[in-house]
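Colleague: Sending over a structure as structure tokens; questions will come in a sec.
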Amino acid sequence: MLPAKKIAFSFIAIVGIPALFFLALEGILRISGVGTDYDYFHSVEIDGVEHFQDNKAFANQFYPASLGVAPLNNTITAQRDDDVVRVYVLGGSAAQGFPHVNHGLDRHLGAHLSAALPGKKIEVINTAMTSVNSHVVYEVARTLPANSADYAVILMGNNEVVGPYGPSTFNQNFLSSMTMIRTLQSLKRTRTWQAIEALVQAAQPASAGEEMEWEGMQMFSGFSVTHDDPRLEHVYSHYERNLRDIIELLQDKNMHVILSSVPVNLRHSAPFGSAHKTGLSEAQLQQWQSLNSAAKLLFAEQEWAAAVKAYQELLTIDDEYADSHFRLATALENMSEFNLAKTHFEAALRFDTKRFRTDGVLNAIVAKVGAEEAGESLTYVDSVALFDGVKRGYVPGWDLLHEHVHFDYDGNYYLAREFTQAIMADLQPSQRYTRLSKQRAAERIGFPNHETNQVMNRLLGMVKKSPFTEQSNAAELEAFTTARRDEIVAEVGSPADAVARRQPLVEQGLADWKIHYELAELNRFLRNKDATYFHLTEVIRLYPHNHESYIKLAEYLSAEGQLSQANEHLKRSLHYTRNDETKDTQALGWIGLNYMKMNDYEQGSDYLEQVIDDYSDQIGATIRAYGALIKYARERNEHDDFQSYLAGVKRYAKGLIEQDRVAEFPLLYRRMAQIMTIAGDTAEAERWQQMQAENT
């Protein structure tokens, strides 16, 4: 055989045949429904129209599913009208709007754009997620549908060290090679990889990583990365590569990119971790400890001039200790030495060993990329300079951010105002528009409201935990958050007060669907049925893609005896359950029960049987479905159905007991006793009651 033929046959044997095998296997697994796709959006059909809907499994390629890291709920039409301006927001929890999920950057941006473009429908689609970094945002940008939006806002950088593949993460361990990261992500998207992973997990006990629950920042606080850690160079390199690729991907999909630097709290967020520089002698460390104790005392007594001298002396011994820089900066600020204070605030951020904030190097990369890429399809917004300008000498602090990176109302307001300016400069470069004032913007988005009270309570609980308790100003942070919470509670007032404040917005036709949803809930609390119904119907009209809206409307209509109309809303709610089996069975069981009440036994039994056949793992829903079927089959003298359902529920309950699954539904014995009573079998009911007593 000729050498060329030998090489060809060898290549086919070594590469070609295995490749064909795996391609065939991949195709078979896809056809069989094994695994999941990791695109950010799923394509779904609603009323014969194609829509894009968030894929709740998207982040599972980076984090264990048990953590619940997932996209926000978004359903949008695939085909856009000419009168729609659609904007994507990409980034981490600060871009997502944490802690104010309903009053975050996206809601602010929507209000500003709606005021600037009154003839347009504004859709701000927030794709940001908690604890994600540029590796995740790259996958978001890669899978967003082409031509699906006009603009894309990029605000990311806080999680580069603690997010997936960063040196300070608990999951997706650090990799220095971008090629390896991208290759690994490509493999994870294959059904073959997912099938093998599932087999491996099934063959061994669940690991702690697979069963962990979300605990916030404290999950990442056990890792330290000093300023001279060689892994940081890879972090910065990865960030720049991802950033450039994200921009190119979005531009190729015909989106104008708004690229923003990332403001963080320098003034009031003490370092989360400080470390001595290497090489200090024991004598130097002892001297440092003595001086630090004295400096702390001067700082506590607000002897600012003396504290400045003490901390400056400390820095001559160790100029890398982050908290020394922070305290020196605070003392300098109190002496109105703002420029020098800023230098030390920035140094405190640079030397912080718990890297939860975008540092100066990352923001310098954003500025460099923004300057190089600026043009017809990219606008760079220096939000760091914007925040500095707002405070006129002071660096950003609690007046713009809640804690270390998450924006308060004012922070989100200024960001949205600047991003609106960038979009308007592209849309209508020769026209002026009137900016929303802070007060008017608050009215448009309904800030604050009763949800804000709950948000502030959760935030207060968060800052009482690690890593915030490890900051040198932890007590001040807790006191500030408490005071801010109390201020908001007083401002919100009673439900009646909130309804009165929102009414002018409704009368002007400026209330968005979230305002109407809030008003529906407030009026329900105030027992104003007509107003509740009006606002719920307005919610559906303005945004027909919210699951909870249909459920609330179905509750109202069911209570009014309008079961047929309630069922129509319940059926529509099924488009928005996102494969949540609890929500699916809630709607299906409810629909079936309503049909039974309307004497439509055939349709009612179809829906209830669907719960039993398709959702047997939802124990409570399955038991309820059996109970309803047995009740109505007996009332209608459907003898064969009655016997079938009765035998079915006994089989089902017996199986749960044999599989030791009673703990999943502790009410099993009681519910079975009730069903047997409904079925007229007193002896069997007593047997189940006895079993309940024995197992209590």
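The values are calculated or read from the model by the stated rules, or taken from the named source; none is laboratory data. Being a predicted model, the structure only gives us computed values, none of them experimental. Cβ placement follows ideal geometry from the backbone for every residue including glycine, while neighbour counts extend to all protein chains displayed.
Colleague: Tell me whether the stretch 515-523 contains one or more residues that are acidic (Asp, Glu), assigned to a helix (DSSP H, G or I), over 25 Å from the mean Cα position of the chain (by Cα) and under 30 Å from Lys121 (Cα atoms).
Modeller: no
Colleague: Looking at Arg651, Arg687, Arg670 in this structure, which one is free of Cβ contacts under 8 Å to residues at least 24 places away in the same chain and within 19 Å of Leu608 (Cβ to Cβ)?
Modeller: Working: Arg687 fails: within 19 Å of Leu608 (Cβ to Cβ); Arg670 fails: within 19 Å of Leu608 (Cβ to Cβ).
The unique qualifying residue is Arg651.
Colleague: Is there a residue in the stretch 117-124 that is in contact (Cβ under 8 Å) with a residue 24 or more places away in the chain, touching an Asp or Glu at 6+ places or on another chain (Cβ under 8 Å) and crowded, with 22+ Cβ neighbours inside 10 Å?
Modeller: Scanning the stretch 117-124 turns up at least one residue that is in contact (Cβ under 8 Å) with a residue 24 or more places away in the chain, touching an Asp or Glu at 6+ places or on another chain (Cβ under 8 Å) and crowded, with 22+ Cβ neighbours inside 10 Å.
Colleague: Sticking with this one: Against the condition more than 17 Å from Pro495 (Cα to Cα), surrounded by 15 or more Cβ atoms within 10 Å (Cβ to Cβ) and not β-branched (Val, Ile, Thr), how does Phe468 come out, does it pass?
Modeller: yes
Colleague: Might you let me know whether the stretch 183-201 holds any residue that is hydrophobic (A, V, I, L, M, F, W, C), under 23 Å from Gly91 (Cβ atoms) and outside any strand (DSSP E or B)?
Modeller: yes
Colleague: Anything in the stretch 252-295 that is farther than 25 Å from Glu333 by Cβ, among the small types (Gly, Ala, Ser) and not in a loop (DSSP other than H, G, I, E, B)? List them, or say none.
Modeller: Ser260, Ala283, Ser290
Colleague: Another question, if that's okay. Do we have any residue at all in the stretch 300-316 that's at positive phi and either among the aromatic types (Phe, Trp, Tyr) or touching a residue at least 24 places away in the same chain (Cβ under 8 Å) (or both)?
Modeller: Within the stretch 300-316, one or more residues are at positive phi and either among the aromatic types (Phe, Trp, Tyr) or touching a residue at least 24 places away in the same chain (Cβ under 8 Å) (or both).
Colleague: List the residue pairs whose Cβ atoms are under 9 Å apart, where the first residue sits in the stretch 166-195 and is not assigned by TED's automatic domain parsing to the domain that holds Gln61, the second is in a helix (DSSP H, G or I), and the two are 6 or more positions apart or on different chains.
Modeller: none
Colleague: How about the stretch 1-106: which helices (runs of 4 or more DSSP H) wholly inside it have at least 3 residues that are surrounded by 11 or more Cβ atoms within 10 Å (Cβ to Cβ) and modelled with pLDDT of 95 or more?
Modeller: 93-96
Colleague: Going by the structure shown, is Arg578 touching a residue at least 40 places away in the same chain (Cβ under 8 Å) and outside any helix (DSSP H, G or I)?
Modeller: yes
Colleague: Which of the numbered conditions does His545 fail, given that it passes all the others? Conditions: (1) closer than 24 Å to Asp584 by Cα; (2) over 27 Å from the mean Cα position of the chain (by Cα); (3) not in a helix (DSSP H, G or I).
Modeller: Among (1) closer than 24 Å to Asp584 by Cα; (2) over 27 Å from the mean Cα position of the chain (by Cα); (3) not in a helix (DSSP H, G or I), His545 violates only (2).
Colleague: Within the stretch 391-407, track down each residue that is surrounded by fewer than 18 Cβ atoms within 10 Å (Cβ to Cβ) and either among the charged types (D, E, K, R) or not in a loop (DSSP other than H, G, I, E, B) (or both).
Modeller: Hits for the stretch 391-407 are Lys391, Arg392, Asp399.
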